[in-house]
Structures are given as structure tokens and as C-alpha cells.
Amino acid sequence: MLVPSVLVALMIFWSGSFAAVRVALRYITPVELIYARFIPSAIMLLIILWIGVLKRGGRSGFIRSLNRKQWILLLIASIFQVPAYHFCMNLGGSIIPSSWVGLVISLNPASIAVFSVILLKDKIGVLRWLGITLSFAGLGFIAFINNDVTMGGNELSLLTKLWGMMVSFGAVVSFGISTSLSKNLIRNSSSFKTMAWVIIIGTAWLVPIGNSAFYTKIANAPLELWAAVGYLSAICTVAGFAAWYWAIKRWTVSRAGVFIYLVPIGALIIGNLMFDETLNFSVILGFALVLSGVFIAGRREGLPKLTNKSDIEGVSS
């Protein structure tokens, strides 16, 4: 029961990330938020890794153990995990309500299933495709039926809603690719070290060298921005991705991904409480359609085939 307990706790914390993003975007741009979130995260992870190296007498074997193919996987995973995923999520959060972004992100299990087929040679059947179709129908229902306002207080047009969802869906695609590639890396390596280097290298792609405006904003940032960035960096990124990589090392990617459908439920509640985002019957119905589709897409069609030790450990947990 340890793995599902960790995953449930993780999804609760990740539910709050969309509200934190919306708060941070009051003061900085979507790209600047990536800097503010991941530079501290990368520093924290480097410190943790360095402490681990010192405890082992100054020997670090992870980077040296990677062959050329694994290096390529690591570099690609880092691009999709940090710059691509979070730019799409942050930009989406500046266009549509935070709970709607959380709902789009709930399609991550479907994305994982699809990219597991493409990259990991998993199998996907008719039932999963039906679930994915139902999820998209739910998103369309919300976009067409419900009205809400932008962060600036203007009513969202249909095109704006669809654009915001499309941008947010870019994060879903990025997550599916990065998770599937990372699964290849952690099969014979430490899940924490893999996660750490994916984030560190992903951050290195975007270090804002010479961006004085960004540093000025951060230096003069109000407490609200610091609190939002601290939550995103320490809780959602360092602790959150450490827990996620730990879980997918013990369970299959698609099995752990099913738990992500808990995120939009929390995001919907938090968005309504913090920002008075629309919560009515049609919104709940749309959420139910999406989550039903995600649940169907994440289910295994038949009994899981245990192909390695990590799968066996996952079933027995």
C-alpha cells in the first residue's frame, strides 16, 4: 500500500500547483516562472546529489554509467520535462482558469499510454482509445457550455478557451514523452538521480543569462510570489518529482499514471475556493466526462503481464 499512498499524497500537492502558478503569474511571465521555479529546484537537487557523492567518498557513478543512447534519452527527456511541459502549463494558466488547466493535465495518463506504445512498445486497445475520445469530448463540452473570465477579468471567448486548452495540452504531450523516456533510464538506475539530472539539465536549457529584468523582479518580489514559487520549487518539483520517479520505478508508467486523474478534482476545488472559478452542474458534468475517459484510458485491458522485477514489486506493494 506504500506506492498508492505516496501517489495519492503527491496528487493532492500537485493539485495546488495550478493555483500557485496563477498567483505567480500576477507578477511574472510564464517563461520567467520557469526560471523562478526551476533554478532553486536545480540548486537544491545539486546540493542533495553532492552530499550523496561525499558520503560515498567522492565517487559519482550515475553520469559515468550512461552510454550514448542513454545520454540522448536524458537530454530529450529534460527538454520535455522542464522547458516544454512547464511553458505550456504556465501559458495555459495565463489564458484559462487554473482548474481548467488541471483538467487538461489530467489527460496525462492517456498521453503516457499513447507514448508507452510508441516509445516502450506497450500495447493499447480499443477501450483506451474510447477513453481518450471521451476525455476530449468532456473538454469540448466545458469549452462550449461554460463561461468564465481571464486573469484580467475579461469574459473568455470560445476561441480563447480552445486556444488555452490546446496550449495546456502541449504540457500533456510533453509529460507523456518525458515520462516514457525516463522509464527507460530508471530501469537500471536510481530513480532519484534520474529525476534530479533530468530537472538539472532541463533547467540548464533555460538559464536566463543576462536577463536583468527577471532578477530585478525577483529581488523586489512580494511575499505572495515567494510563497508560490517556494511551493512550486520545493514541494511540487523536488519532493514531488522524487516521489513520482520513485513510484514509476516500482510500478509501470501507465499504472502509476492513473492516479493523476485525482489532480483535477483537487484543482477544481482549490480554484473555486481561492479564485471563485465557476463551479456549477455543467462544469462538474464536463469534469466527470473527462475523468471517466481518463479512468477508462488508464485501465489495463486484462491482467497485467509481469515482465520484470519492478513490476512484480509494484503489484505486491
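Readers should treat all values here as calculations from the given coordinates under stated rules, not as data from a laboratory. Bear in mind that the values here come from a model prediction, so they are computed numbers and not experimental data. Positions of Cβ are backbone-derived with ideal geometry, glycine not excepted, and every protein chain shown enters the neighbour counts.
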Original post:
How many nm separate the modelled label positions at Ala288 and Ile48, each set 7 Å beyond the Cα in the direction of the Cβ?
Top reply: 4.0
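Label region 230-277 by shape, choosing from rounded, prolate and oblate, from the square roots a ≥ b ≥ c of the eigenvalues of the Cα gyration tensor; if a/c is under 1.5 it is rounded, and otherwise prolate applies when a/b is larger than b/c, oblate when it is not. Could you put the intermediate results ahead of the total?
Numbers: a/c = 5.54, a/b = 1.56, b/c = 3.54.
Here region 230-277 falls in the oblate category.
Pull out the extension gain between Trp71 and Ser212, defined as 0.36 nm times the separation in residues minus the alpha carbon to alpha carbon distance; nm, one decimal.
Difference between extended and current length: 47.5 nm.
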**OP:** Along Cα→Cβ, 7 Å out, is where each label goes; now give me the distance between the ones at Arg64 and Arg26 in nm to one decimal.
**Re:** 5.0
Original post:
For Met274 and Val126, what does the FRET efficiency come to when R0 = 35 Å and r is the distance between their Cβ atoms, rounded to the nearest 0.05?
Top reply: 0.30
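R0 = 22 Å: FRET efficiency of Ala219 with Phe13, Cβ-based, nearest 0.05? List each step's numbers first, then the result.
Numbers: r = 28 Å, r/R0 = 1.26.
Taking R0 as 22 Å, the efficiency between Ala219 and Phe13 is 0.20.
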